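In what follows, a structure is listed as structure tokens, so that the remarks can point back to it.
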Number of protein chains: 4
Amino acid sequence: MSARMVGTMDGTKQQRRGNTRQRIQDVALDLFAQQGYEKTSLREIAESLDVTKAALYYHFKTKEEILVSIFDDLTQPILDLTEWGKQQPHTLETKQEIVRRYSEILAGAAPLFRFMQENQAAVRELRVGETFKDRMQGLREIIVDPDAALVDQIRSVSAIFTLHAGMFFIQDLDATPEEKRKAVLEVATDMVTQAHQRTKAT
Amino acid sequence: MSARMVGTMDGTKQQRRGNTRQRIQDVALDLFAQQGYEKTSLREIAESLDVTKAALYYHFKTKEEILVSIFDDLTQPILDLTEWGKQQPHTLETKQEIVRRYSEILAGAAPLFRFMQENQAAVRELRVGETFKDRMQGLREIIVDPDAALVDQIRSVSAIFTLHAGMFFIQDLDATPEEKRKAVLEVATDMVTQAHQRTKAT
Amino acid sequence: MSARMVGTMDGTKQQRRGNTRQRIQDVALDLFAQQGYEKTSLREIAESLDVTKAALYYHFKTKEEILVSIFDDLTQPILDLTEWGKQQPHTLETKQEIVRRYSEILAGAAPLFRFMQENQAAVRELRVGETFKDRMQGLREIIVDPDAALVDQIRSVSAIFTLHAGMFFIQDLDATPEEKRKAVLEVATDMVTQAHQRTKAT
Amino acid sequence: MSARMVGTMDGTKQQRRGNTRQRIQDVALDLFAQQGYEKTSLREIAESLDVTKAALYYHFKTKEEILVSIFDDLTQPILDLTEWGKQQPHTLETKQEIVRRYSEILAGAAPLFRFMQENQAAVRELRVGETFKDRMQGLREIIVDPDAALVDQIRSVSAIFTLHAGMFFIQDLDATPEEKRKAVLEVATDMVTQAHQRTKAT
DNA sequence: GATGAATGAGTATTCATTCAT
DNA sequence: AATGAATGAATACTCATTCAT
């Protein structure tokens, strides 16, 4: 269920060698995503792992740092994508490719993005809040043409939101996850395309 | 900043007539929206109003009930809109009108909707969580055509999501709030229109 | 169910003329007996009667005073009995008569005595605690012969305790309440008789 | 005064090794017995021990659990006695032995039994309430002959109550505690004997 | 690489009581 | 004869964090 698989080849209890840090991150992310950041207590995380709270403090300085560490690991791809995007010409093809790759990133770390979406208030005063905003801002600067009409700027931004929405608000639609992801991507691509073309048509 | 203004014409402290209940709701909504539901304590609300915590309990049975009361008051318009929508033919014009009116409802109770958006995790296990889901579901059933292609269903849902996102994620764009609202509405209308027309074209 | 019946001949809501004080006492005693003194809140009493807490304060100065008023009304018979007993010769017949009459008093105000028995800790630091002790002490002085052997003194005290216990700890025995009361009375009388006779035999 | 002594040979404050749990139980029982369960707050217990309230929660999950733990430790002997009694023939000698041993158990955990007696109302809705009832029921089944006349059944039950009463309602009689315990035991034994013989005489 | 024991600050909630109307 | 509005003090309980071992 978790973002990163923890190889537990043998069912023995003695698998906890050097991987405790990872296990904490995995369990924490699952709980954060399910119940929210504030509602998830360190006691809960510790009990889920069958270690003491103090053990968490051996690996992380604070509760926030657990989140930060997960976040940093899992949002690195956004940075990479932005970096790549900046070096490309601002063509339609680039934008479409960004949208496509972003869709993959989202799918690859769904619990984290779900968490970020559903805990904006809690996350706002945490360091990750700012960082996330910055990373998203980076993406925006590539996708949104500052010379475009307001409507088209919004169309571009909305393309990204559509991807986000697609991850969580569409679960009841009647299709396989993969079909849905494809369809969402198509809609988002479409929006970014329309925005681009209308701008160039001016 | 609050949804409903509490006229305090005179600065005197002795204005505590019958309006305390309202004042609690107003202050609570502001704080919930700013800091999140969990992070906002009853102590904080009470201190903001210069009353004791016990006074809050005279007016509301629990913390949750404060939220519920605000929510019930402020989301009634969605119910009304859905009711109206159900009685209309499922034409393009109806859908556009729904989008337009929904945009107005959103603008009219912005702090609440911002709160709901940013506190989904916290709200999920509260009664308002379910209720909100239900109310949104009602809207969806009018706007989304079950016979439409998957992409077009997504386009419709995304239109609504765009309206929501538009309220909070677009603040840095360079335009007045009213211009932005108009533009967001235009994009959303456009999406719903495309979804409708593509479906009918089949 | 309550100690004193409140004539509610008509089912109308308007029966609350001058009897509110009484109704408070009745409801309070029932709740005190069921849940204990500490666990019964004035809110609960008020809600049971469909009046406000403040109304209770119109009739009684404090929570304790509600209990005191009930207690004073209902334990008067013990005082009367003691008064009567003092004027009698300390014969066996007198003691037996005391036991018999006390059994009736107990049966006539069962909820109060149950309450006193089950809430000794709570009642100890209330005025009624002291008062009750005093009243029981009065009875004891008549029934217990100071010249009797220790065992026989205990036998006498235990007779009274048997009456008390008989009211509540014997509910599962297979007999009608009236049969049980009679049987308990017989045992108690027997104990007091044995105590008396052994003493006189010396 | 407490049931179990906590050896604090040195008066130093730094004795907090592994005995905190025990100290909590001891202090709690003393306070519960003195003031009642409801009236005794965790703050009070904590302050008596010079630790914080949170420390109590490290050792016990709830206030009730403190009581349960004390209760379980201290009423185990009743279970043992019942177990023993079940394996014996239901002779007079067995019943007398049961009464004798029960008297010792009572004396050995006087504060707890005093507490149970004086806090029946409070204890009724706690787990210990049910458990205690069950344990007493076990004893009763051995001592009370179901074929005996109602009076004799009551006589047997009353024997047990006499033991209880003996612990608390006889403090003002003029004799040493040990003398009193002996005398109470004699009375109780007598009652059980009479009940037994009358039944067999039939 | 962890635990056992504890803390300080906080939380939502409840209670008996007051008082102007 | 009673209410509406409020208070001050308390309660059981939780949390993130610390630190000696």
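Observations on the model:
- Screening A:Glu83 against (1) modelled with pLDDT of 95 or more; (2) exposed (fewer than 13 other Cβ atoms within 10 Å of the Cβ); (3) part of a loop (DSSP other than H, G, I, E, B) leaves a single unmet condition, (3).
- Within this structure, A:Arg114 passes the test of being charged (D, E, K, R) and within 14 Å of another protein chain (Cβ to nearest Cβ).
- For region B:117-131, a residue qualifies if it is under 21 Å from B:Gln34 (Cα atoms) and part of a helix (DSSP H, G or I), and the qualifying residues are B:Gln117, B:Glu118, B:Gln120, B:Ala121, B:Ala122, B:Val123, B:Arg124, B:Arg127, B:Val128, B:Gly129.
- Failed criterion for C:Arg155 (all others in (1) facing chain D (nearest Cβ under 7 Å); (2) assigned to a helix (DSSP H, G or I); (3) touching a Leu at 6+ places or on another chain (Cβ under 9 Å) hold): (3)
- Residues satisfying the stated conditions in region A:49-68, i.e. more than 8 Å from DNA strand F (Cβ to nearest atom), over 25 Å from the mean Cα position of the chain (by Cα) and of a type in the set (A, V, I, L, M): A:Val51, A:Ala55
- In region B:158-202, of all residues being assigned to a loop (DSSP other than H, G, I, E, B) and in contact (Cβ under 8 Å) with a residue 12 or more places away in the chain, the one that is nearest to the other protein chains (Cβ to nearest Cβ) corresponds to B:Ile170.
- Subset of region B:36-71 [within 14 Å of chain A (Cβ to nearest Cβ) and either near DNA strand E (Cβ under 10 Å from one of its atoms) or modelled with pLDDT under 95 (or both)]: B:Tyr37, B:Glu38, B:Lys39, B:Thr40, B:Ser41, B:Lys63, B:Glu64
- Any hit, region B:186-199, residues being under 20 Å from A:Val184 (Cβ atoms) and in contact with a Gly (Cβ under 9 Å, 6 or more places away or on another chain): yes
- Count - residues of region A:57-67 that are in contact (Cβ under 8 Å) with a residue 60 or more places away in the chain and under 15 Å from A:Arg23 (Cα atoms): 1
- Contact map, region B:118-145: residues that are at the interface with chain A (Cβ under 9 Å from one of its Cβ atoms) paired with residues that are outside any helix (DSSP H, G or I) and not aromatic (Phe, Trp, Tyr), Cβ distance under 6 Å, separation 6+ or inter-chain. Pairs shown: B:Asn119/B:Gly36; B:Ala121/A:Gly36; B:Ala121/A:Asn119; B:Ala122/A:Gly36; B:Ala122/B:Glu38.
- Some residue of region A:41-48 being away from DNA strand F (no atom under 12 Å from the Cβ), surrounded by fewer than 15 Cβ atoms within 10 Å (Cβ to Cβ) and either hydrophobic (A, V, I, L, M, F, W, C) or part of a helix (DSSP H, G or I) (or both): no
- Test for D:Thr75: is it in contact (Cβ under 8 Å) with a residue 60 or more places away in the chain, in a helix (DSSP H, G or I) and surrounded by 16 or more Cβ atoms within 10 Å (Cβ to Cβ): yes
- Residue in region B:147-165 that is surrounded by fewer than 17 Cβ atoms within 10 Å (Cβ to Cβ) and closer than 24 Å to A:Tyr37 by Cα present: no
- Unique match (being in a helix (DSSP H, G or I) and closer than 21 Å to D:Ala33 by Cα) among D:Arg114, D:Arg100, D:Arg140: D:Arg114
The values are calculated or read from the model by the stated rules, or taken from the named source; none is laboratory data. A quick note: this is a predicted structure, and the numbers were derived from the prediction, not measured. Using ideal geometry, Cβ is built from the backbone for each residue, glycine included, and neighbour counts are taken over all protein chains shown.
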